[in-house]
Amino acid sequence: MNGPAQLLTVLLTGPVWPRRAARRTVTASSLTIWISNLLGGVLCAALIGAAAFSQNEDPYAPFFNPVFTPPPPTDAIAFVAGMLVWGLLSVYVVALVFLVFAYQDEPPRDTWRHAVRTVRLFAPVWMGLVGLYLAPILYAINWYSAPRIVFAGVLSAIVVVPIWGIFVLGRALSVGRPTRSQPHEPRCEECGYLLLHLAPSNRCPECGESVAASLTPDKRWYPPAHSSGEHPQAGLIHAATVQAWTQPRLFFSCLRMSVRRADLLACAAVSFAASAGICLVLLILGISVTGEEDIPPEGFLVMAGLVCGFMAGAFCLWCLGASLVGVIASRLYGRNLLHAAFAVAAYTSRYFLFWAGAGVFTFWITVFITEALRFVRTDWIPIAWFAFNAALAGCYIYGVWMRMRFVRYANWNVERNTLDAGDVDPKDEGRKAMLNATDSAR
């Protein structure tokens, strides 16, 4: 498949079948990738520019009656140049945010290169979705003068677009590919000491931990294997996530390092969906207490849109935190720990239920305080609220980092039954060689 055909594949099938498009463009050249990146920047600039330089001059005019006012040449050139620079630099930020989805058993540098390459190649898709998300907001139309069905349709699109973009990038980055498997010497899971040439009956010379406790196949059994051998002690997923906070050493010492991405995403999705529900309920309760009038149907749609958009942003920040923890841990311990950081972040994601409740509750407290102190300067109140939420985010990142010490030296035991065909190709010769090497070392 040549370059133009690969670009058409990304444009036509990327938004709907991103994994299929990623497989068909695995051999795309550097020129094709850069052209796709520039095309994405141009598409996003066109959508945002058309909305930013248009306005509805008559507030009582029909819902969609844009009047495009061409900007001065200098403003137009500055806008296009700024959008192109943003399109080139934002690739690295987006690649870092979704780096955990690109993980395979390979050196961390290879994972980063694959993430940047895929994000560049799919730039027309996700940058186009960014433009679709921002264009209605920048157009500044009179929402409440619109027909209710049109209003609901536009707002629903705004809600769906960020979730759609997350879906496209996550699916495209998680496609399996040929890799250079990194060596996995058996290590003591307590201190990281190399256990080569030590019998299972011995103890680690560094910390005294039993060698068998680090190398036995039954050491890490949760979650249970999907094909066979389900462990009788495996609990429900909500019980496991509670134990991840109350008994982190016990839980993460039993966590498999080959746990599937789908399972981790399901765990996190439950947390974010529940957090969105908590935010929406508390917002409605707060407005009903402070508002003088009943909430119109449009108001519920606006709140739902705000909550869903906020949760999509929170999900991206959650992925960014897991990626940063994984990158730093990989640099410190010389192993690719991106997936391990993703697993720890997923099983501790119930923290967001507390964060959502505390964030909205303190938001209404700031509203009441601002209303009570209306004749006093209250600039410090929103700053204090943002600082409070930043502190909650820091506590979560710290909790993930502290729990990484229970998985940083985890041995990649022979877990053939838990290989996910969507994540790692079981036919990969490098993966087979690594498993056989682990067998012989043990």
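Within the range 156-179, is there a residue that is in contact with a Leu (Cβ under 6 Å, 6 or more places away or on another chain), over 30 Å from residue 26 (Cα atoms) and modelled with pLDDT under 80?
Within the range 156-179 (the criterion being in contact with a Leu (Cβ under 6 Å, 6 or more places away or on another chain), over 30 Å from residue 26 (Cα atoms) and modelled with pLDDT under 80), the answer is no, since none of the residues qualifies.
Quick one: how many residues across the range 1-49 are surrounded by fewer than 20 Cβ atoms within 10 Å (Cβ to Cβ) and among the small types (Gly, Ala, Ser)?
6
Could you tell me whether any residue of the range 377-392 is within 21 Å of residue 247 (Cα to Cα) and modelled with pLDDT of 85 or more?
We begin by selecting, within the range 377-392, every residue within 21 Å of residue 247 (Cα to Cα); these are 392.
If we keep only those that are modelled with pLDDT of 85 or more as well, we get 392.
Taking every residue of the range 377-392 in turn, at least one turns out to be within 21 Å of residue 247 (Cα to Cα) and modelled with pLDDT of 85 or more.
Please work out which residue is surrounded by the fewest Cβ atoms within 10 Å (Cβ to Cβ), limiting yourself to the range 201-220 and to residues that are at pLDDT below 85 and touching a helix residue (DSSP H, G or I) at 6+ places or on another chain (Cβ under 8 Å).
Ranking the qualifying residues of the range 201-220, first place goes to 201.
Given the options 328, 365, name the one that is surrounded by fewer than 20 Cβ atoms within 10 Å (Cβ to Cβ) and at pLDDT 90 or above.
Exactly one of 328, 365 is surrounded by fewer than 20 Cβ atoms within 10 Å (Cβ to Cβ) and at pLDDT 90 or above, namely 328.
Can you find a residue in the range 50-69 that is at pLDDT 75 or above and over 28 Å from the mean Cα position of the chain (by Cα)?
Checked against the condition, which is being at pLDDT 75 or above and over 28 Å from the mean Cα position of the chain (by Cα), the range 50-69 yields at least one hit.
The values are calculated or read from the model by the stated rules, or taken from the named source; none is laboratory data. Values in this document were obtained by computation on a predicted structure and should not be read as measured data. Glycine gets a Cβ as well: all are built from the backbone with ideal geometry, and neighbour counts include every protein chain shown.
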